[in-house]
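First comes the structure, then the notes that go with it.
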């Protein structure tokens, strides 16, 4: 005790020394605490749900992080349970505002909760941050009604457009929408948005499966199974789950897997809200979702805040592997950050809620869920979305594509899904238990397309084409089980109605592709072209003026003109010197015309003496050879080829009120004749088949037949000698096979038809079934032989005319120079050598008569005959010879009489 007392006495002074320091520290702490402002924050969420639990954890972490580094502010979170009940959320909001004096309220997972809490916020001027938004309410009306409301919800419209693009990527035109009903949720708004987005990609919601709230079901397993069994009868195999709680998701996919709705022929897509819940579920849930696709937000995971949040989640979800916070959790964290950053900007205790509201609306930072920025009190940032797929019975998400409203898919969805297995189907695939129900038209116009025999399977072009396509698609569709139905005797349009009401899956036959039909069914690629053709009995042209038709009018006129021109040129060049073209004027004209006419047949006998005329005649004979050969060939074609008279056309049929035939199964052809060509209905006669057509033509019951071009090809292949047809000038969409609207198998059939066309098998089928006869070398009427026009021979005519013109110009020039030289020589002759002008008149008259009756030379005033030249003693003749022909210098100057024949030759040589 002494020791203890002594020790105490020694310690007292030491304690007294430390007492001021301890008191100072305590006072400093009290001053620091008094300088911080404590702010109350109200949170209204469903704290019992998986999403609510994750959101609560994220908000607590965000608040703790802020309190740790903030020197001026301290926030306290007050959590209230909404139970997804708007009335309960309203009661919680009133309690938080009146009792806890909160400065802001955050939460509200459904819009109904957010709307009623926002009413309290507007009343007490308390800013409200909502994690939900109305899909179909304009921002302007919301700002007017709820001025203190801030929406931090994801963009529903962007997600629905993303889902529609996924559906379009699979080329599916019908989907089945599934959602869990919640009277306080906004599912109907999302359904409307989804429906609008699907319409943009030519798809639609075929069926809506509405599931009641999971908590209201006494036997959820049995109820879900019964509802899923209703989906088996539907053709669509694209299922979109828009809204469902986690227990409902678990039962939904387990039962769907049991009845085979999760096989490769089906595609399941889940919304982003369900995706966010999968990040914290165990393997038992994911094992039943193998192959399910979904969308999720692509957010950054590199920040320290996310790392801290991830570590806390991993600690609290030890039963799951690779657990990570979902988008709802990240949004909750950012909601607290929006408030705390606005609080820091104010820097002092705020006195106005409007100031706090404005500061929060001016936020602009990168949060965990993306860029946080508001426009019209809504998040303006549209995050990048991703497609994922549950793989290998595990929690792993296989991401294979990204999407934004502007960029759409960054890669091909079809290519990305080809993971070594069969491509994902979006339609009910035929099986042995449920084969493809194929209807066959029982009343085709020609049995070349479809032929039915008793106790025999149907045959024909369409049947063989279907079998070839089935062989191509056998691997893809497991031999494509099918069953033919050919007990329907109605029209083609009535048969199409049976496909529309899903009595049949397809039609294999000669069905024409039309615009109004394509609205309700899906056609394959046309396997043959189609158009409206007119068939008439063939007639030959027996006109009395048929011989004129080989040449056109301008051709005849030009030919006659060049003939006359050539005849004149030859006469001019020959009549002076060639005795065969001499004589009286009448004789010269008749000889020249006879020569020109006989030259057309190369039968002329007149000799040509001058070289110029020989050139003209040579070119002319070449022209004659060409035009006579062309005339003969064209006339032969006119006499041998049967064709339509030009007057026999549609107008001719209408004006003469002649009956025309039409296939009774082609309703649209009848309507076309009546509505477009204005044929009276009583003028259109129904024909049943090929034999009926021939009989009605022979009995004159019809004068013409309107059928589609594929039928015309078949008909003329058998009766080309008796009938002819016009070219199909009015085109339709062709002929193809029919499937239910949106059936992807139609696209596969189209690809197979193109394959058959490219490898030549389709052409072989046509030759085998449609045009087997070889008697007719052409499948359509021969084109009408046309008259030959001047344009085809214009060059040859120009050459002929130019040659004749050049030759006559040269002759005229030669004659001109000859006359000019003669006058010069006459002026230079001696006076004694000139013929005296005192000759008696009788002598001159005799000379003139001699010139007119014989062959002589007339050159101005100089008239000389061979006989008269001898009487002049040869002096003048010698002078002429000496000056005009040097070769005649050796002619004798004696008075010996000159041989008339020799003198004639000399004169001709001189010329």
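Residues in the stretch 750-760: is at least one outside any helix (DSSP H, G or I) and modelled with pLDDT of 90 or more? Yes, because at least one residue in the stretch 750-760 is outside any helix (DSSP H, G or I) and modelled with pLDDT of 90 or more. Taking the stretch 693-731 as the range and being free of Cβ contacts under 8 Å to residues at least 40 places away in the same chain and surrounded by fewer than 16 Cβ atoms within 10 Å (Cβ to Cβ) as the test, the residues that pass are 695, 698, 699, 700. Within the stretch 436-456, the residues that satisfy the criterion of being without any contact (Cβ under 8 Å) to a residue 24 or more places away in the chain and either in a strand (DSSP E or B) or surrounded by 22 or more Cβ atoms within 10 Å (Cβ to Cβ) (or both) are 451, 453, 456.
A count restricted to the stretch 57-66 and to residues that are surrounded by fewer than 19 Cβ atoms within 10 Å (Cβ to Cβ) and in contact with a strand residue (DSSP E or B) (Cβ under 8 Å, 6 or more places away or on another chain) stands at 1. Taking the criterion of being within 60 Å of the chain's Cα centre (by Cα) and touching a residue at least 60 places away in the same chain (Cβ under 8 Å), the residues of the stretch 606-621 that qualify are 619, 620. Hey, any hits in the stretch 67-79 for a residue that's without any contact (Cβ under 8 Å) to a residue 12 or more places away in the chain and touching a strand residue (DSSP E or B) at 6+ places or on another chain (Cβ under 6 Å)? For the stretch 67-79, residues without any contact (Cβ under 8 Å) to a residue 12 or more places away in the chain and touching a strand residue (DSSP E or B) at 6+ places or on another chain (Cβ under 6 Å): present. Kindly evaluate residue 616 against the criterion of being part of a helix (DSSP H, G or I), modelled with pLDDT under 85 and crowded, with 18+ Cβ neighbours inside 10 Å. Against the criterion (part of a helix (DSSP H, G or I), modelled with pLDDT under 85 and crowded, with 18+ Cβ neighbours inside 10 Å), residue 616 qualifies. Residues to consider are 593, 555; find the one that is in contact (Cβ under 8 Å) with a residue 24 or more places away in the chain, in a helix (DSSP H, G or I) and under 30 Å from residue 726 (Cα atoms). None of the others qualify; the one that does is 555.
Sort out which residues of the stretch 209-259 are over 11 Å from residue 180 (Cβ atoms) and either in the same structural domain as residue 522 (by TED's automatic domain parsing) or in contact with a helix residue (DSSP H, G or I) (Cβ under 7 Å, 6 or more places away or on another chain) (or both), and write them in order of number.
221, 225, 228, 238, 240, 250, 255, 256, 259
Residue 43: surrounded by 15 or more Cβ atoms within 10 Å (Cβ to Cβ), in contact with a strand residue (DSSP E or B) (Cβ under 6 Å, 6 or more places away or on another chain) and at pLDDT below 90, yes or no? Considered against the rule, which asks whether it is surrounded by 15 or more Cβ atoms within 10 Å (Cβ to Cβ), in contact with a strand residue (DSSP E or B) (Cβ under 6 Å, 6 or more places away or on another chain) and at pLDDT below 90, residue 43 comes out as no. Counted as qualifying within the stretch 159-261 are the strands (runs of 3 or more DSSP E) with 2 or more residues that are in contact with a strand residue (DSSP E or B) (Cβ under 7 Å, 6 or more places away or on another chain), free of Cβ contacts under 8 Å to residues at least 60 places away in the same chain and more than 27 Å from residue 384 (Cβ to Cβ), namely 204-211. Of the residues making up the stretch 92-110, just one is over 16 Å from residue 81 (Cα atoms) and in a helix (DSSP H, G or I), namely 98.
The values are calculated or read from the model by the stated rules, or taken from the named source; none is laboratory data. Note that this is a predicted model, so its numbers are computed, not measured. Cβ sites come from the backbone with ideal geometry, for glycine too, and all protein chains shown count toward neighbours.
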